[in-house]
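These notes are about the structure you will find just below.
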Amino acid sequence: MRLVKPTKKYEKSWQEAMAEFRNENRKGFWNWIEEPIDLDSYIKLTEANENGQSLTVGSVASTTFWLIDNNEFKGHTNIRHELNDYLKKFGGHIGYYIRPSERRKGYGTKILGLALIEARKIGLKKVMIGCDESNIPSQKVIEKNGGEFTKKVTDECEPKLIYWIKL
């Protein structure tokens with residue numbers, strides 16, 4: 001099991017995962033507003049975002065990784081290099097999603113653990129991670145990776161729980 005940057009090598013399983021996310025109406029974690037259909041364009045976008053280029057309004061530089069196990073896409077993570085005002089309140093440095101068919105198999109804990117290693121490599125000393133208050137599995141994943149709950153905040157959606165992890 002490892003993190004890799006987006007690549008054509010895993011396109012088939014990535015497309016299958018995108019269909020799963022689409023079926024649950026999951027949106028907004030692809031570095032752009034619309035769901036990516038063309039993998040080549042998406043790869044170029046993630047490379048540009050890592051260098052602080054082609055950012056959408058309100059975005060910050062971030063590095064995108066895919067969790068690969070048995071040569072298949074299992075999940076996606078973004079590591080934000082810094083926090084803007086919104087991310088300081090509601091988001092955090094790391095976001096991750098596991099494809100629906102692979103949930104409850106330990107992939108969430110693994111992807112966050114590997115993302116923390118990558119966050120150290122880009123120079124972060126501690127990271128903030130937020131999750132929806134109703135997302136008990138994500139709370140457990142964060143806590144298993146050393147997350148310390150600091151506060152509950154409310155944005156225009158549901159309340160978020162904010163955790164910090166020292167690297």
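Size descriptors for segment 14-122 (Cα atoms only): Rg and Dmax, in that order, 13.6, 39 Å.
Toward the positive end of the charge dipole of the chain, with +1 on the Cβ of Lys and Arg and -1 on the Cβ of Asp and Glu, the farthest Cα among LEU45, ALA17, ASN71 is that of ASN71. Taken over segment 78-166, the percentage of Cα pairs per 5 Å bin, counting from 0 up to the bin with the maximum distance, is 3, 14, 27, 26, 19, 9, 2.
Counting only protein heavy atoms and a 1.4 Å probe, segment 16-167 has 53 square angstrom of accessible area per residue. Express the relative contact order of the chain as a whole percentage, based on alpha carbon pairs under 8 Å and six or more residues apart in sequence. In percent, rounded to a whole number, it is 18. Derived scalar couplings between HN and Hα for segment 156-161 equal 6, 9, 8, x, 10, 9 Hz in order, rounded to whole Hz, by the Karplus curve 6.51 cos²θ - 1.76 cosθ + 1.60 (θ = phi - 60°), x for Gly and Pro. Please identify which residues in segment 47-61 have an amide N closer than 20 Å to a label point set 7 Å out from the Cα of GLU20, following the Cα→Cβ vector. No residue qualifies, since no backbone N sits under 20 Å from the label point. Legend: residue pairs LYS44/LYS110; LYS126/LYS160; LYS89/LYS144; LYS8/LYS89; LYS8/LYS88; LYS8/LYS121, Cα-Cα distance threshold 30 Å; pairs beyond threshold, LYS8/LYS89; LYS8/LYS88.
The values are calculated or read from the model by the stated rules, or taken from the named source; none is laboratory data. These numbers come from a predicted model, not from an experiment. Heads up, the Cβs are rebuilt from the backbone with ideal geometry, glycines too, and the neighbour counts pull from every protein chain shown. Note: accessible area is taken over every heavy atom of the protein model, side chains too, but ligands, DNA and RNA are not part of it. Shrake-Rupley method; radii C 1.70, N 1.55, O 1.52, S 1.80 Å.
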